[in-house]
Each structure stands twice: as structure tokens, then as C-alpha cells.
Amino acid sequence: MNASKGILISVGTLVVAATVGPFATRAEAQIPSNGVFYGCIRLDRDQDESRNVRLVAQDEPCRHNETRVQWSMTGPAGPVGPQGIAGPTGAQGIAGPTGAHGATGPAGPAGAAGATGANGVTGPAGPQGPTGATGPQGPKGDNGGTGPTGPAGPKFFARMNADGTIVTASDNMDPNPNFTGKFNNSTGQYQVRFFADISQCVPVSTLHSDGSAGTIVGFTTNGFTSSSQVSVHLFAPNGTPINAPYDVVVTCP
């Protein structure tokens, strides 16, 4: 080989020469372009089985007795090696930032019932509700016992003659003829006065026989001439005023 100075790389029968001097190639030919070597190959002068290869740039042409070749720095991928043993656990890394809030998950199953809590304080009374419908009539109750006799109420009564004189009367009647008796120059008009306010009471009068004229038939009317005085008017059945004996009783609540 006629190279004044060179570096030979042999792979099998392939010899790669990078020459300097008169046969030197461009400097950039010794640097792979994008991981790819470019070269020109020819037989040596001894006509042996070796071949000479010189590196050229990507855009550098080969001579007329050379053939252009190229190859990658990276060989084909080898078979997958066996699984290596697990390395030691690394140190704890620093905490990363808080992630975004995740979506709400589905509701879980109902938990068991808890123990009964203590009674709370009584709340304020609510407003009065509307009156409910009347309920059905209840059964009749047993008769109650007879109550004690109440005190006797005041008695107001008088039995009068036809001329207005008194036959008998209660102790609370006023016997003064100016207030109890027959009106002067009148027919069938009488009045009876008591020592009490009887304006809220009910007077009742009836005719009675004095035994000399037999049964007297007629009717009476009553009113008040004052809060303590009752007026009595007597009439025959045809409405004509008559003088006759009568009784008057005043009932108070």
C-alpha cells in the first residue's frame, strides 16, 4: 500500500484507511454525518483479497475505480438481555404539588344505626291549631247522686182582698197602704211593694175566691211600677176590668 502515513481499520477482509499527504481526504470525511460514515472502496495493488476504503464527505464523489459505500455508527439492535436484578430502593423524593380535586365518588352503603341520643330540650309551644270536627256522641253516663239542698231563697208573695187589704204576705212585703193596695177610684188596678229590688225577678198573679162569691173566672196581667213594686190588673173573661181577690208571687233567680 502506497500511503505515506495512515490508520488502517480491518473488519474481516475489509481495511479502512484514513490518509494524509497527497492522498488526504477532506477533514469532514472523518466525522460521521448524522451518524453515517461515507467511503470509497477499491482493490489494493497486490490483487489480494483485501480492499481499501477511504472515508469521504457526504457530498464528495469517488474516483472512477472506486465504489461508494456508507454505513451507520449504530449497529442493528441486539437481542434482549436477561432481566437484571432489582436495584436498591431509592431515597424518598420530595412531595409533589397537590393534585386537582377528584370527582365525587358513588355513595357508599348505609352504615349501621347509631345509638339513641339523649332527649333534647323542649321547644317552644306551637301556635293554636284549628278546632277539630265534633266527635260522635258519647254514651250516656250514669245518673249522678242528688246534691245537697241549697239554701232557701227569698220569698216574695202576698194574698190580697178585692178592696186591696192584705190577707197574708211574706215578711219582706211593705204593708203601707200608700204602696200596697188598690188604686183609688179605679177598677181592677192594684200594686204590691216589697223591701227589695225585684226588677230582675218574675211576678205571677192569679185570681182566688174569698168564699163569698164562689169561683171567680177571669185573668190577670202584671208589670212593674218601680224596681220594688209590682202592678196587678184583673179582668173578666170578656176583658172588662173587675175588682176581685188575688194572689201574687215573685220568683227570683
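Taking the numbered list (1) at pLDDT below 90; (2) touching a Phe, Trp or Tyr at 6+ places or on another chain (Cβ under 7 Å) in turn, Gly105 passes all entries but (2). Taken together, Thr225, Thr187 contain a single residue that is in contact with a strand residue (DSSP E or B) (Cβ under 7 Å, 6 or more places away or on another chain), more than 19 Å from Asn161 (Cα to Cα) and in contact (Cβ under 8 Å) with a residue 24 or more places away in the chain, which is Thr225.
So which of Ala169, Ala162 is among the aliphatic types (A, V, I, L, M), more than 19 Å from Pro241 (Cβ to Cβ) and open to solvent by less than 70 Å² (accessible area, probe 1.4 Å)? It would help to see each step written out before you state the result.
Details: Ala162 fails: more than 19 Å from Pro241 (Cβ to Cβ).
Selected residue: Ala169, the only one of Ala169, Ala162 that is among the aliphatic types (A, V, I, L, M), more than 19 Å from Pro241 (Cβ to Cβ) and open to solvent by less than 70 Å² (accessible area, probe 1.4 Å).
Output the residue which, of all residues in segment 22-69 that are surrounded by fewer than 13 Cβ atoms within 10 Å (Cβ to Cβ) and of a type in the set (Gly, Ala, Ser), is modelled with the highest pLDDT. By that ranking, first place goes to Gly35. When segment 169-209 is filtered for residues that are more than 19 Å from Phe235 (Cβ to Cβ) and among the basic types (Lys, Arg), only Arg193 remains.
Tally up the residues in segment 216-241 that are surrounded by fewer than 16 Cβ atoms within 10 Å (Cβ to Cβ) and outside any strand (DSSP E or B), please. Adding up the residues that qualify gives 7.
The values are calculated or read from the model by the stated rules, or taken from the named source; none is laboratory data. The shown structure was predicted, so the numbers you read here are calculated from the model rather than taken from an experiment. FYI the Cβ positions are ideal-geometry reconstructions off the backbone, even for glycines, and counts take in every protein chain you see. For accessibility, only protein heavy atoms count, side chains too; no ligands or nucleic acids. Shrake-Rupley method; radii C 1.70, N 1.55, O 1.52, S 1.80 Å.
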